[in-house]
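First up is the structure itself, then whatever we jot down about it.
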Amino acid sequence: MTLMRADARRLPVGDANDEERVGARDALADRVTKLIWERRRSARDTAHEFLTGQARRAGITGDVYLPNGPGYGTGSMRAVLASLDEQGAFQQHPDALGARVGAVAVRHTEDRARRIIREAAEADEATVRAWQDMQAERAASQRQGQEKLAREVERTRERDSRDLRELAVQPGGWARMLTGVENCAFCVMLAARGAVYDGKAEALDGDYIGKFGDAYHDHCDCIAVPVYSPLWDGGKTAAALQKLYERAQDAISDDDLQNRDNVESPDQLRKLRKYLLEHSNELAKAVPNIRHQDALVEQQREFGLPEEAVTELAPHEVRFFHEFGATETFELIRRNADRTSSNDFRWTSRGDVEVEVKRPERASYDAVKRLIRDAVYSARENHGVVKDRFIVDLDDRPLTEKLRRQLEVYNLRNARNSIRKLWVWSRARLTEIDLRTEV
């Protein structure tokens, strides 16, 4: 995102709502939008090829319904940049800002292909017939000269007989399918449901799934797959994910979920999220296909890890180090052959200190405290290793003022497992916590 880096440096300094700043920000949004428009045209073509290919593989030889998907206005990216500006993102390093905006741009681009798959499955008969009429008229309008009279006659005949014509084929449903690289617990839960997204299934399956069944987050690698036959490509993977989901529900009890009040996510999703954090290799076993292994090898090679060490980093760790490396230099610490405890990396741009990274299930003090306390205790008592510098990876979750104040008194509340330094990584920004030593 060279464009983003250059423009971020030129943004006027001041309040995010200043007229001059808003004008410069909107101009940047309009330039990014033009790039998205170009990519969304390619996304439409790719989705059409995918729908046609899947239909032919299912033995369908007739017309295939190919909707165009939603449009995209300049307001979308303007709203994104306004929100980032309010969060202070434009004060970050240009590379970090470019990465965040780039991730949103990719999601907005891929959204057209995903929506096309969904619309193909959910359109009613009247919509499909109207599309066929439009296609017929478009083909007819390309004829020239002496064919004009024949074209008008043919168009009239087709319109009059449209109800007798075989309806263009559309999918019986659609499914969310993992590619195996950037898949969170939310994605896994939805993909485990298989080919059930056909409008009616969503409505009958509760408000939560109905509302978020077609939602995608930044960096999401899920794809929408049309389902023309019970023997669709992702059927076996969906079944494996369903078993993984059931194992998580059995392994994590209600008592294992802390602070259940005022939590928007359902308990089933929280159990799955906790299970995947504790069993990071389970997802790789369930989704051994497509890009999982190759992508992790390629990404981890960037950090100096050889191919035989491919399983050492989980996808969320790869993402963290990729973003972290935009502004800091570091050297990963290879795990010992006997799997004894060690810190995660040497922070070379901060004097080669060793640091441990922890990603909590929730952005709450209890969740963070438990991870740090247990890591300090286990390393000391079981392996004779000192872990006293931590980075808490909140990813896109905010570091609230309440959480920051609670973390400041961690050492006062955990004297036996105290630490020397603590940072929080939130929304591509690093914040050092001022650990208090006295009340």
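The values are calculated or read from the model by the stated rules, or taken from the named source; none is laboratory data. Since this is a predicted model, take the numbers as computed values, not measurements. Using ideal geometry, Cβ is built from the backbone for each residue, glycine included, and neighbour counts are taken over all protein chains shown.
Cβ-Cβ contacts under 6 Å between residues 6 or more apart (or on different chains), taken from a first residue in the stretch 211-223 that is in the same structural domain as Phe186 (by TED's automatic domain parsing) to a second residue that is charged (D, E, K, R) and modelled with pLDDT under 70, are listed as Gly213/Glu202; His219/Glu182; Asp221/Glu182.
Inspection of the stretch 321-330 finds no residue satisfying the criterion of being at pLDDT 90 or above, in a loop (DSSP other than H, G, I, E, B) and either over 26 Å from Ala103 (Cα atoms) or assigned by TED's automatic domain parsing to the domain that holds Arg427 (or both).
Once the stretch 224-259 is narrowed to residues that are outside any helix (DSSP H, G or I) and hydrophobic (A, V, I, L, M, F, W, C), the residue that is farthest from the chain's Cα centre (by Cα) is Leu231. Just one residue in the set Val368, Val376, Val392, Val385 is in a helix (DSSP H, G or I), in contact with a helix residue (DSSP H, G or I) (Cβ under 6 Å, 6 or more places away or on another chain) and either surrounded by 15 or more Cβ atoms within 10 Å (Cβ to Cβ) or not polar (S, T, N, Q) (or both); that residue is Val376. Is one or more of the residues making up the stretch 408-421 surrounded by 13 or more Cβ atoms within 10 Å (Cβ to Cβ) and either modelled with pLDDT under 90 or under 26 Å from the mean Cα position of the chain (by Cα) (or both)? Scanning the stretch 408-421 turns up no residue that is surrounded by 13 or more Cβ atoms within 10 Å (Cβ to Cβ) and either modelled with pLDDT under 90 or under 26 Å from the mean Cα position of the chain (by Cα) (or both).
Residues in the stretch 25-74 that are touching a helix residue (DSSP H, G or I) at 6+ places or on another chain (Cβ under 7 Å), modelled with pLDDT under 85 and exposed (fewer than 15 other Cβ atoms within 10 Å of the Cβ): 2 in all. Looking at (1) at pLDDT below 90; (2) surrounded by fewer than 18 Cβ atoms within 10 Å (Cβ to Cβ); (3) under 22 Å from the mean Cα position of the chain (by Cα), can you tell me which one Lys358 breaks? So Lys358 meets the others, but not (1).
Of the residues making up the stretch 26-36, those that are without any contact (Cβ under 8 Å) to a residue 60 or more places away in the chain and closer than 10 Å to Ala105 by Cα number 1.
Every residue, every condition in (1) of a type outside the set (Val, Ile, Thr); (2) assigned to a helix (DSSP H, G or I); (3) at positive phi, yes or no:
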site	(1), (2), (3)
Ile36	no, yes, no
Arg40	yes, yes, no
Thr46	no, yes, no
Glu49	yes, yes, no
Arg56	yes, yes, no
Leu66	yes, no, no
Gly71	yes, no, no
Leu97	yes, yes, no
